[in-house]
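First the structure, in the form of structure tokens, and then the observations on it.
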Amino acid sequence: MPLFKRIALRRGFNIIGVLLTMALLGGCAPRRPGGEIHHYTVGTALAPPAQQVFIRSLASSPRTLDPSLSTDVMGFNVLTDLFEGLTQFNAQGQVVPGVASHWTVSKNGLRWTFFLRPDARWNNGAPVTAQDFAYAWQREVSPDTAAQYADSLSMIVNASAVINGTLPTSALGVHALGARTLQVDLVHPTPYLTAALANTYFDPLYPPTVRRWGLAWTQPPHLISDGAFYLASEVVNGRLILLKNPWFWDAGAVRLREEIDYPIKNAASKLDRYLADDLDFADDPAFPPSDIDWLRHALGSQVHVAPYYGTAYLGMLVHEQPFANRDLRLALSMALERNVLDDKLGRGLFLPAYSLMPPLAGYTQQLPAWARWPRAQRLAEARRLYAAAGYGPGHELRARLLYPTQGSAARHYVEAVTLMWKENLGADVHLWNEQWKVMLQDIQYKNAKLYWSAWIGNYLDPVTFMHQFQVGYPMNYGDFSYAPFQKLLQAAQSSNDNAQRYRYFEQAERVLGAQMPFIPLYFYTADNLVKPYVTGWHSNLLDVHPAQYIAILQHTVH
């Protein structure tokens, strides 16, 4: 029987000591380079065109390459290079014009008119038109598509009615005024619209290939895209090869000729591939947390650790027992010792989270009062709430926690969480793991009452985090419907004053903290490895790195 399962049955042991033992015996002990660490002499000039090949990792295979259906970070990373929307993210993660060269906004903020570049082209040479955007957005909100991000278009006139099936897709408030002018009518002012438009679910689609090939349209050579690259080949759950799109409107500024993406789930395997020079860029998480110290010493500036706009948490079905009980939910959250988890397992790469929103300029995080209490006071209140919920000796909470199969670090973290619940409350929570894609399906179909989850902001605005607790939002997997929160969310979405919107969101986050429909764990950092000869790559809060800005410099290895 594994070490953890033996120890977890006992009471009164030292949690910190157990976590250290888990880390050391479970494969998280600090490593040292076993072979030669390569060093590079890097010039200032670009490498020859034949060497302009960028090899990167993906944390997993994208669930889909359909922009209307993609919901994972891996899919976003690939689709960012294949497609371009009206706006796009640049190398610094800032929103800049994309297919739309410019736009106008009415005085009341409800009508936006976008003017498309005359030289925007699909990779087959056909022009990108306003009709292509209208088609894609109508497809996104169509009930037949069942897109999980459909409600992200709810700011558009009639979008909600189309999603609900009470109006046809043609009623959506988006109109092509000729081939290169797109008019968008909104239900309420949306100051963050240009940022939202840079996301994949607002990308255009090439109607002929979607209509002809159906579900197979995303497979090469059927996939027609308008971004800086096109999909040349794809191995199922394996390598993707993207080639420079010669028809891209800004192709002259794109220096890479090829991008190769390797899905690598295990962080240690990813690190080994990087050290062997098989990767130019190892994406987050690029290495096990335990390796951070020697990596900083051995690789120096190749190690990039930066704040990331994401939160890891545990989700729950809040209208089914046992998690319909608010006192139980709060007790489980208060019983976790986040600083210990971060220090002993995260090695400082996790930022302990007590609320939903990660740090964001202009927004004040809403920490619950108990986050500042001494440990003894916090645990005493957790036990009181646990008892108030009807649990205690002889009637322990028994539940299962679903988490993804993605290496030892994730397993150690959830093991530590259940260990703390056992020690601090007496709760008996067992673990259950599945492959990422299978886990997402089980969460979507309500097959898990307690599950690992995370949210990565699509753009730098609080609404992208708050949406997941909004009634009717497809990714409100826990079915949270508390009326005071919903009213505050509606007030925020109806305001055109950004400062006032943020104050509404702050009030809404306080409500979430009191109701605890989720258990916050930590805020992410983006932990990447980048070779010194890669230029055009920049750390940013969204951790977006479009390949159209990246190039390979002349270099030698020694």
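Where a number appears in this text, it was derived from the coordinates with a stated rule and is not lab data. Fair warning: this is a prediction, and the values are worked out from it, not measured in the lab. All Cβ positions, even for glycine, are placed from backbone atoms using ideal geometry, and neighbour counts span all protein chains on display.
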Task: Value at 222 nm in deg cm²/dmol, rounded to 500, when DSSP H runs of n ≥ 4 in the chain each add -39,500 (n - 2.57) - done: -8000 deg cm²/dmol
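Hey, what D do you get for the stretch 333-454 in µm²/s if you plug the Kirkwood alpha-carbon radius into Stokes-Einstein at 10 °C and 1.306 mPa s?
Taking Rh from Cα pairs, D becomes 99 µm²/s.
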Open item on the list: How far apart, in nanometres, would the label points at Val557 and Tyr40 be if each is projected 7 angstrom from Cα along the Cα-to-Cβ direction?
Closed with: 1.0
Open item on the list: Only counting other Cβ atoms within 10 Å, I'd like Trp432, Trp122 sorted with the fewest neighbours first.
Closed with: Trp432, Trp122
Task: For Leu401, distant residues with modelled amide H under 5 Å away - done: His430, Leu431, Trp432
Open item on the list: Computed from the coordinates I sent, Cα extents along the principal axes in Å equals one of (1) 70, 63, 41; (2) 170, 43, 39; (3) 122, 60, 51. Tell me the label.
Closed with: (1)
- [ ] Pull up the DSSP beta bridges for the stretch 318-523 and report the antiparallel fraction as a percent, rounded to 5.
- [x] 25
Task: Packing-based exposure ordering (other Cβ within 10 Å, fewest first) of Arg111, Arg56, Arg501, Arg398 - done: Arg398, Arg111, Arg501, Arg56
Open item on the list: Please compute the Kirkwood hydrodynamic radius over the stretch 309-357, one decimal place, Å, based on all pairs of different Cα atoms.
Closed with: 12.3
- [ ] Quick one: dipole size for the stretch 318-523, taken about the Cα centre, charges +1 on Lys/Arg Cβ and -1 on Asp/Glu Cβ, in debye to the nearest 20.
- [x] 220
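Which percent, to the nearest 5, of DSSP beta bridges fully inside the stretch 397-461 are antiparallel?
Roughly 0 percent of the DSSP beta bridges within the stretch 397-461 come out antiparallel.
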- [ ] Mind jotting down the distance between the C-alpha centroids of the stretch 485-558 and the stretch 87-108, whole Å?
- [x] 18
Task: Rounded FRET efficiency, nearest 0.05, which uses the C-beta distance separating His395 from His538 and R0 of 41 Å - done: 0.15
Open item on the list: Please report the antiparallel percentage of the DSSP beta bridges confined to the stretch 392-506, to the nearest 5.
Closed with: 10
TODO: Determine the dipole magnitude for the chain: charges of +1 sit on the beta-carbon of Lys and Arg, -1 on that of Asp and Glu, nothing else is charged, the reference point is the Cα centre, and the result goes in debye to the nearest 20.
DONE: 1200
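Rank the residues Lys270, Lys107 as a footprinting-exposure proxy: fewest other Cβ atoms within 10 Å of their Cβ go first.
So the ranking, lowest neighbour count to highest, is Lys107, Lys270.
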Task: Alpha-carbon centroid distance for the pair the stretch 238-271 / the stretch 442-480, whole angstrom - done: 30
